[in-house]
Amino acid sequence: MPDIRKWNYQKGAYEPYIPPVGHISLYEPVMETPIVCASCGKQITFGEGYTSFAIHNCSGFGYSVCESCHSAELDEEERYYSAAWR
Ligand SMILES: [Zn+2]
């Protein structure tokens, strides 16, 4: 089991994270490689995924997530950081 953690926006801290079953991915050389979204477990290809803002390995690299999880993460970012960013 790789060391995976998820950023908790409310706490402003990482928490241990148990990913969905399947091949979650940090990077694939082939865009068509089937993977599962690291957040919801949906089947996608690596090329369809977005780098997660929240689900990271121990070095801070983001796992690939699907489009709807990506937009949910964007909403979270807005909600917690918009005051600092604007
Ligand atoms: Zn997803």
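Summary of values
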| read-out | value |
| --- | --- |
| Formal net charge of residues neighbouring Phe61 (Cβ-Cβ distance under 14 Å; K, R +1; D, E -1) | 0 |
| Computed [θ] at 222 nm, deg cm²/dmol, the chain (DSSP H ≥ 4; -39,500 (n - 2.57); rounded to nearest 500) | -7500 deg cm²/dmol |
| Neighbour-count ranking [beta-carbon atoms within 10 angstrom, fewest first] of His56, His23, His70 | His23, His70, His56 |
| Sequence of Cys40, Cys69, Cys58 once ranked by neighbouring C-beta atoms within 10 Å, starting from the fewest | Cys58, Cys40, Cys69 |
| Residue-count net charge about Phe46 - beta-carbon cut-off 12 Å; Lys, Arg +1, Asp, Glu -1 | -3 |
| Positive-end residue of Ala13, Cys66, Thr45, charge dipole of region 4-85 with Cβ unit charges | Ala13 |
| Cα-based radius of gyration of the chain once divided by 2.2 N^0.38 Å, which approximates compact folds | 1.08 |
| Between 0 and 90°, nearest 10: helix 67-85 axis offset from the chain longest Cα axis | 20 degrees |
| Inter-label distance for Glu67 and Glu15, nm, one decimal - labels placed 7 Å from Cα along Cα-to-Cβ | 2.9 nm |
| GNM result for the chain, Cα springs below 10 Å: residue of Ser71, Ser52, Ser25 fluctuating most strongly | Ser71 |
| Proxy reagent accessibility, fewest Cβ within 10 Å first, across Glu78, Glu73 | Glu78, Glu73 |
| Value of relative contact order over region 4-85, rounded to a whole percent, pairs C-alpha under 8 Å and six or more apart | 26 percent |
| Inter-label distance, nm, simple model (7 Å from Cα along the C-beta direction), Glu78/Val30 | 3.7 nm |
| Charged-residue dipole, Cβ positions (Lys, Arg, Asp, Glu), the chain about Cα centre, Debye nearest 20 | 260 debye |
| 15 Å beta-carbon shell around Ala13, net charge (K/R +1, D/E -1) | +1 |
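Any read-out appearing in this document is the output of simple, stated calculations on the displayed coordinates, not a laboratory observation. A quick note: this is a predicted structure, and the numbers were derived from the prediction, not measured. When we count neighbours, we look across all protein chains shown, and the Cβ atoms used for this are built from the backbone with ideal geometry, even at glycine.
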